[in-house]
Amino acid sequence: MGRNHMRHLSTREGCSLVAVADPEPGLVQDAVGKTGATGYADALAMIDEADIDAVVIATPTTAHASLATAAIARGLPVLVEKPLAATVAEGIELVGAARARGVPLQVGHVERFNPAVLELGRRLEHGWVGSIYSITSRRAGPFPARIRDVGVTIDLATHDADILSWIARERPTRVYAETAQRLHASNEDLLFGLLHFPSGATGMLDVNWLTPAKRRQLSVVGESGMFELDYLTQRLTFTSADVGSPTIIDGYATTFEGNVVTVDVATHEPLAAELDSFLDVVRRGGRPTVDGEDGLWALQIASCLLQAAADGHPVNLGEFGRLIPAP
């Protein structure tokens, strides 16, 4: 992800990529050669010494807290890749530090900038499905050898915890999960999770690093129909619940299918939109589209899913919101 951020930031209008840091000398040399930025072997040294106005942190999850804390202490707006931190305790400290310092803290939940997701959100606001019954998300693909510090729940399911909360327009109050460890040396690489929302809507997560082909899919079922979304192709369809007359085959009513329409989506690269949004906050101030509190909730939901799987029973999120530092 660091390379992807670098690719965009080195070409954004009105933005200069001033410094890059990586412990691998070859990667630093390559980045310097491509962008002309100053290279650092130590990210903390870069944050402390470089003449920068903002910082993007795209490192292993366990390094997020220390680097983001250093940037916030210097008063730098921060975009930290998801998840916000490795633990909820670290996340609470980051949100509190950013608020106390008055520094924007954005979390890289890039799916919030996917144009198909945004179009889905607009259609839901206009009442296309009415009351939401269920939201189902599938995020699966091959095992990524690069990720060793956390399991699939913290690394990937935080995406879906955030998206499902955004679609439902509320936070879940109870979660349950089953996990498995098949290929990862130390953490789970499969998660099936259930989320209960105050409105009665149910969320389901299918997240794994075991599927041989990459799949990123979302469906929303409500009283008036169903949306189906593919994050990768940015394709969005709507199936009406008004089924009309059933299909008759050999005298039997075998199917009751509604009309399916493809929703127009103006496609673009979500990461570019995410970075443009961050740069706008750096220039103008204001609250990021996905702020530290959003990232903290996603991390808490993921942590509770892990707890539920370990304990073998549902976990209530309880009064977690009270632990988040007040604005």
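So the values come out like this:
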| item | result |
| --- | --- |
| Qualifying residue in the range 178-185 (condition: open to solvent by less than 30 Å² (accessible area, probe 1.4 Å), over 20 Å from V265 (Cβ atoms) and in contact with a strand residue (DSSP E or B) (Cβ under 9 Å, 6 or more places away or on another chain)) | yes |
| Number of positions in the range 15-32 that are of a type in the set (G, A, S) and open to solvent by 70 Å² or more (accessible area, probe 1.4 Å) | 1 |
| Hits in the range 152-180 - residues which are free of Cβ contacts under 8 Å to residues at least 60 places away in the same chain and part of a loop (DSSP other than H, G, I, E, B) | R169, E170 |
| Filter pass, G312 being buried (at least 17 other Cβ atoms within 10 Å of the Cβ) and modelled with pLDDT of 95 or more | no |
| Residue that is modelled with pLDDT of 95 or more and either farther than 30 Å from L317 by Cβ or of a type in the set (S, T, Y) (or both), where the choices are S224, S245, S219, S240 | S219 |
| When residues of the range 68-87 are limited to those that are free of Cβ contacts under 8 Å to residues at least 60 places away in the same chain and surrounded by 24 or more Cβ atoms within 10 Å (Cβ to Cβ), the one nearest to the chain's Cα centre (by Cα) | V78 |
| Residue check for G121: assigned to a helix (DSSP H, G or I), free of Cβ contacts under 8 Å to residues at least 60 places away in the same chain and closer than 28 Å to L229 by Cβ | yes |
| Filter result for A65 (closer than 28 Å to G96 by Cβ and in contact with an Asp or Glu (Cβ under 9 Å, 6 or more places away or on another chain)) | yes |
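The values are calculated or read from the model by the stated rules, or taken from the named source; none is laboratory data. All values derive from a computational prediction rather than experimental measurement. Cβ: placed from backbone, ideal geometry, glycine included. Neighbour counts: every protein chain shown. The protein model used for the area step is the full one, side chains on, heavy atoms only, and it has no ligands, DNA or RNA in it. Shrake-Rupley method; radii C 1.70, N 1.55, O 1.52, S 1.80 Å.
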